[in-house]
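Right, one structure below, let's go through it.
We did not get these values from a lab; they are worked out from the coordinates using the rules stated. Fair warning: this is a prediction, and the values are worked out from it, not measured in the lab. Positions of Cβ are generated from backbone atoms using ideal geometry, with glycine treated the same way; all protein chains shown enter the neighbour counts.
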Amino acid sequence: MTQERIVRPQRVSHFACQSVFLTLGKQGGFKTLDDFLKFAKNDCGFEAVSIPTCPPLIDMAQASKSKSYCADLLGKYEKHGLPLLRLEGHTSTQCVCLDPSRKLKFGHFMSPKFRKLKHRQIEKLAVKEVKKAIDVTAALGLKHLVAFCGGRSFAVAQAKWAAWPKYFAAWSLALLAYKWNDILEYAAERGVILMFEIGHPENDLLTAQNCIDFRKMLTPKARKAFGVNADRSHFRNVGTDELNHFRRILKDGIPITNHYKDGIYVDRGDGTASPYGGLEPWSNSAGTFATIGIVGDETALQEYNGLMAEAHATQEGGVDIHHEAECVFIPNPKQGMIVGAHNCRALRDETPLIRFNNVAPDTDLTPFSTMGRRELVGADGAPMVLKRWGGGPFDKFADIPVSAPELLSLLADERDGCVAILERAGYTEAAAIRN
């Protein structure tokens, strides 16, 4: 991070994904992409836009081969007063490091023949698609490509109990580094930074420490292309303070971008309190989404925005405010865009937010701001002290008869690659577990 102050204000940008797919060509929606862009600019007041690496917003095959197509694409968005801010490549990047159990869930993004392909074949297709997205990002003169890291360990780790092999986390991150290092070096050569979303289900970069350890395992060249896309909802949905994660990431010198939406967390004690509410529908789950600022902890939102503004003033290229339209509280996507744009500007300009009066219509969800701090209370009504557990499986690795490489289903080349990465990064004890 540089210390030079950036004078231009943060742009309020819109992630043209859910709003397009939910409305384009649908009853009550937009007839054409131009209609959508006019609405985003004139009715909502957005100042920039990002797009996913898929139709109808971009033809990646054309963009990867034609300079004139790229120029025309940029001109189309500029014509509407919505400069293209970045590409968002969630689907292809998710498949770079793929758990075998997730082949059917994510493989269809890579090939119509996904049922017949092995999961490692899908991974190879994903690498090609991600490199294409990197090439297109560079051809468009953009710097950032938002990504998911994928991962083998989340499917195992979401069973939140102690039966993990020793050094499981280190091996999981080493496998990520093995899968991503060459891609990140490829991006570095083209001046592109991949901004990995953290805290997102199905991915193995879940915390600031994960990111710092993962970055340590990369080669110096690959580190130049590693960044983080901060989405506070991923942490709010599990009742965790996101600011400490993002501060540590910035302190470590990792570039940052953002998605602005609210995560609303309700712990009903019924097992639905996983990051996206377990198997519950969004509107009924313990973790769901709201248009930025309408519910939830307003102070926490302002602190998050303040951190992003600080990063904008010091990070090369700045950090704009980026609205992501995922919302079950405002079921009309158009209204969600209008309210989201207003609230993003309100945060930037320190003007009043549009708010629900701490009640979400047609739902029984309790806003995060009304829940208070969790504490144990005895039968007499007095607070009880939570005593530290002095031993047992909850602070030690359980006696599980498999190793981390075996649990992660590693092939010989993957295992050897992970060993080399662990040794290079100084994880010598973890590297000694080869089988």
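Here the Karplus relation 6.51 cos²θ - 1.76 cosθ + 1.60, evaluated at θ = phi - 60°, turns the backbone of the range 305-320 into coupling constants of 4, x, 5, 5, 5, 5, 5, 4, 7, 10, 7, 4, x, x, 9, 6 Hz, with x for every Gly and Pro.
What the Cβ-Cβ distance of Lys67 and Ala382 gives, at R0 = 60 Å and to the nearest 0.05, is a FRET efficiency of 0.25.
Over all other residues within a Cβ to Cβ distance under 15 Å of Ser50, the charged ones net out to -2, with Lys and Arg as +1 and Asp and Glu as -1. Packing order of peptides 240-249, 11-20, highest average first: 11-20, 240-249 (average count of other Cβ atoms within 10 Å over each peptide's residues). Listed peptides 112-120, 334-342, 303-311 appear in the order 334-342, 303-311, 112-120 once ranked by packing, highest mean of other Cβ atoms within 10 Å at the front.
Tell me, rounded to the nearest percent, the portion of alpha carbon pairs in the range 66-179 spaced more than 16 Å apart. For the range 66-179, the share of Cα pairs beyond 16 Å comes to 66 percent.
Of interest is the spacing of the C-alpha centroids, which for the range 187-231 and the range 64-108 amounts to 18 Å.
Once backbone amide H atoms are built at 1.01 Å from N, Ile256 has Val228 as its partners under 5 Å, excluding neighbours fewer than 5 places away on the same chain. Between the residues Ala63, His80, Cys95, the greatest Cα displacement towards the positive end of the dipole of the range 36-110, with unit charges on the Cβ of Lys, Arg, Asp and Glu, is found for Cys95.
Here the range 1-140 has an Rg and Dmax of 17.3, 54 Å, counting Cα atoms alone. Here the peptides 80-87, 63-70 are ranked by packing, the mean other Cβ count within 10 Å, and the order with the highest first is 80-87, 63-70. Sorted largest first, the principal axis extents computed over the alpha-carbon atoms of the range 170-252 equal 38, 26, 20 Å. Here the translational diffusion coefficient of the range 1-70 follows from Stokes-Einstein with Rh set to the Kirkwood radius across Cα pairs; for 10 °C and 1.306 mPa s it amounts to 112 µm²/s. Only one residue of Ala309, Cys344, Val328 has its Cα farthest out toward the positive end of the dipole of the range 296-357, where Lys and Arg carry +1 and Asp and Glu -1 on Cβ, and that residue is Val328. In a fully extended conformation the segment linking Ala432 and Lys221 would gain 73.4 nm over its present Cα-Cα distance, using 0.36 nm per residue. Listed values for the range 127-136 are Karplus-derived 3J(HN,Hα) couplings in whole Hz (6.51 cos²θ - 1.76 cosθ + 1.60, θ = phi - 60°), namely 4, 4, 5, 5, 5, 4, 5, 5, 4, 5, and x replaces Gly and Pro. What nm distance separates the two modelled labels at Arg355 and Gln335, each placed 7 Å from Cα along Cα→Cβ? Using points 7 Å along Cα→Cβ, the separation is 2.0 nm. Counted by Cβ distance under 9 Å from Val127, the other residues give a net charge of +1, where Lys and Arg count +1 and Asp and Glu count -1. Charge dipole (Cα centre; +1 on Lys/Arg Cβ, -1 on Asp/Glu Cβ; no other charges) of the range 110-203 amounts to roughly 500 debye.
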